[in-house]
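S.K.: Sharing a structure, written as structure tokens. Questions coming.
Just so it is clear, none of the values below were taken in a lab; they were calculated from the coordinates. It should be emphasised that the depicted structure is a prediction, and the values quoted were computed from it without experimental measurement. Cβ sites come from the backbone with ideal geometry, for glycine too, and all protein chains shown count toward neighbours.
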Amino acid sequence: MFKNLFSIGQNFKSYTLVLIICLPAVTWAQTVAEGKQGAVASRSMLASQVGLDIMKNGGSAVDAAVAVGFALAVTYPSAGNLGGGGFMMLHTESGEVLALDFRETAPGLASKNMFLDDAGSVVKGLSIETHLAAGVPGSVAGLLDALEKHGTLSRQQVLAPAIKLAEEGFPLPSDIAEQFSKHQKEFQKHPASARSFMNQNKTYQAGEIWKQADLANTLKLIAQHGRDGFYKGKVAELIVAEMGRGNGRISHKDLSGYEPVWREPIRGTYRSFDIWGMPPPSSGGILVQQMLNMLEPYTLDKSRRNREETIHLMVEAERRAYADRAEYLGDPDHYPVPVKKLQDKAYAKQRFSDFNAQYASDSEAIGPGKWPEESRETTHYSVMDAKGNAVSVTTTLNTAYGNKIVVAGAGFLLNNEMDDFSIKPGVANTYGLLGNEANAIAPNKRMLSSMSPTIVTLDDKPLLVTGSPGGSTIITTTLQVLVNVLDHQMTLASAVKSPRFHHQWKPNKIFYEPGALNETEISALKNKKHVGIVPSPWKIGDANSVIRRNRGFISVSDPRNMGGALAY
Ligand code: DON
């Protein structure tokens, strides 16, 4: 049945078609493109163009993904990065599926209570706005490792477009100009940040040419010397000097010792599909699979879209999966995460056996969880090519512009990923997520993530590449895109555009976007004793995705933001 679903409507044109769809509930246009050779969707049209050009000039989707990663560090600085980390899921043309972890690590001098005062209380802002908030960056090592092991082009070739964009500049898109202006007070606290994101102490206007000379030099050093151009030599000196300006703990040893890790992907099935997700230290792959396992026994076809029963069912799956996240998940190199148990269908059956179709379960109490006040910025991009490569990448500095500290002289921002650890049991992180011993801080440990880059295969061929930013909502966004496409049989554009809802166990609330729930559904959910059904203060997710159709691809940007989808 599903095979049929994915082989209908195949009259693709060989040119790129860009549809602009204006939606009432969203701010930006959605770009949709179709083509036969390759497709890319990212949060930045300039970065997507870099990826497309790489493929058009003979590069693979892996080359393109690496080039897009470096380009995003230039064109989308709130989340694209050199100073952060991320995850890559990769389906190679030879049919292997691989998971690359380039998550940041805690510095060697990190300690369990480093964000607490002498009385044992959390010092507000310390894990978010300071040099101490930064983990050891993983992006440069990760992207270069992917290129060396699975790419076809040289480092110089994939870095050239990012260097050009940084050196020659580009007209500043209006959404980025708005972000710069919104964060200017924070940038002004650090001279190097003000130098990068302000024009001689004035805000940049949309359309002005924005150049980043220091960043261009850092990128050139990486092109020349590979990972040593970043983790050793001048850039490493600049990072360590920056730490000295603010009590940060990243040392030369941390930098030269950083290693990305190729891990065994989370492989699960959902109906006729294989679902490949990121293993710990991401919670994403496990949670998506766990929730799909809970949903699988139920009918969720087209007729069940946006029905109160469907939302109730999904919320109850989310409640249980996120409760497990808080208890069991952390860095597998430091804590025995029960990976097999959590992704087991029999466990899902048992875990969901108290599901009541009539009533909401109790998340105990609304508890200490809080909904984030910090703006959310991570970014996801998807690339596929006709050779069978499919790449799903989510990368981040954690919150928007990380700790907002640009490494002076090196032109890139540092992350504030240390906040993703459980800095104290029972104290929620900026996304309201709770944690325990599994995710406690320890030297060189990776902090737990929700980033969920996902690849769906059908009959061993890549079918769908998706994922999202959005802190705790990453996982539920990814789940909804999967259910919308695989169950509700929506087109990818509608599946991505469709308004979303979110539940994360604690706080015991259903957050929903405008249009996700109508009045009838809200009152039906209230009758089932769902407490706290509240409009989401944020757009939920940003799922730039690509799908294969019989003889081609469709790429789709998420209309919640100003992304770009291209194909040829
Ligand atoms: O790894 C994580 O789960 C978080 N650091 C992701 C942060 C995020 O998605 C922020 N924004 N959209």
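S.K.: Arrange the peptides 410-419, 428-437 so that the one whose residues have, on average, the most other Cβ atoms within 10 Å appears first.
M.R.: 410-419, 428-437
S.K.: Right, something else. Please work out how many pairs of lysine residues in the range 219-351 are eight or more positions apart (or on different chains) and have Cα atoms closer than 16 angstrom.
M.R.: Taking the range 219-351 as the scope, the lysine pair count is 6.
S.K.: Run down the aspartates and glutamates and flag those whose C-alpha is under 18 Å from the C-alpha of residue 149, throwing out any fewer than 8 positions away in its chain.
M.R.: The qualifying aspartates and glutamates are 63, 93, 96, 101, 228, 259, 264, 385.
S.K.: Pull up the cross-link candidates among the lysines for residue 124, meaning alpha carbon to alpha carbon under 19 Å and not fewer than 8 places away within one chain.
M.R.: 112, 185, 189, 370, 404, 424
S.K.: I need the shape label for the range 293-450. Rule: rounded when a/c is under 1.5, else prolate if a/b > b/c, else oblate, with a, b, c from the alpha carbon gyration tensor.
M.R.: Because a/c hits 1.5 or more and a/b exceeds b/c, the range 293-450 counts as prolate.
S.K.: By counting other Cβ atoms within 10 Å of each Cβ, how are 460, 385 ranked from fewest to most?
M.R.: Arranged by neighbour count, lowest to highest, 460, 385 become 460, 385.
S.K.: Peptides 302-313, 502-513, 464-475: what's the order by average Cβ count within 10 Å, highest mean first?
M.R.: Highest mean packing first, the order is 464-475, 502-513, 302-313.
S.K.: To make sure I understand, if each residue's beta carbon is the centre and we count other beta carbons within 10 Å, what order do 266, 540 fall in, fewest to most?
M.R.: Lowest to highest Cβ neighbour count: 540, 266.
S.K.: Points 7 angstrom from Cα along the Cβ direction at residue 427 and residue 205: gap in nanometres?
M.R.: Reported label-point gap for residue 427 and residue 205 is 4.5 nm.
S.K.: State, to one decimal in nm, how far the label point of residue 349 lies from the label point of residue 117, with both points 7 Å from Cα in the Cβ direction.
M.R.: 5.3
S.K.: Length gain on complete extension for the stretch residue 57 to residue 301, per 0.36 nm per residue less the alpha carbon to alpha carbon distance?
M.R.: Length gained between residue 57 and residue 301: 83.7 nm.
S.K.: Could I ask something else about it? Taking amide H atoms as placed 1.01 Å from N in the peptide plane, list the residues 5 or more away in sequence, or in a different chain, whose amide H sits under 5 Å from that of residue 210.
M.R.: Those qualifying (amide H under 5 Å, at least 5 residues apart or on another chain) are 170, 172.
S.K.: Can you give me the C-alpha center-to-center distance between the range 310-347 and the range 39-106, rounded to a whole angstrom?
M.R.: The distance from the Cα centre of the range 310-347 to that of the range 39-106 comes to 28 Å.
S.K.: If you don't mind, there's one more thing I want to ask. Suppose only helical runs count, i.e. DSSP H with n ≥ 4. What mean residue ellipticity at 222 nm does that imply for the chain under -39500 (n - 2.57) per run, divided by all residues and rounded to the nearest 500 deg cm²/dmol?
M.R.: -9500 deg cm²/dmol
S.K.: Where in the chain are the DSSP H helices whose alpha-carbon span along the long axis reaches 27 Å or more and whose Kyte-Doolittle mean is at least -1.0?
M.R.: Counting only whole DSSP H runs, the qualifying helices are 308-328.
S.K.: OK, next. What is the gain in length, in nm to one decimal, between residue 93 and residue 247 on full extension, counting 0.36 nm per residue of separation less the C-alpha to C-alpha distance?
M.R.: Length gained between residue 93 and residue 247: 50.8 nm.
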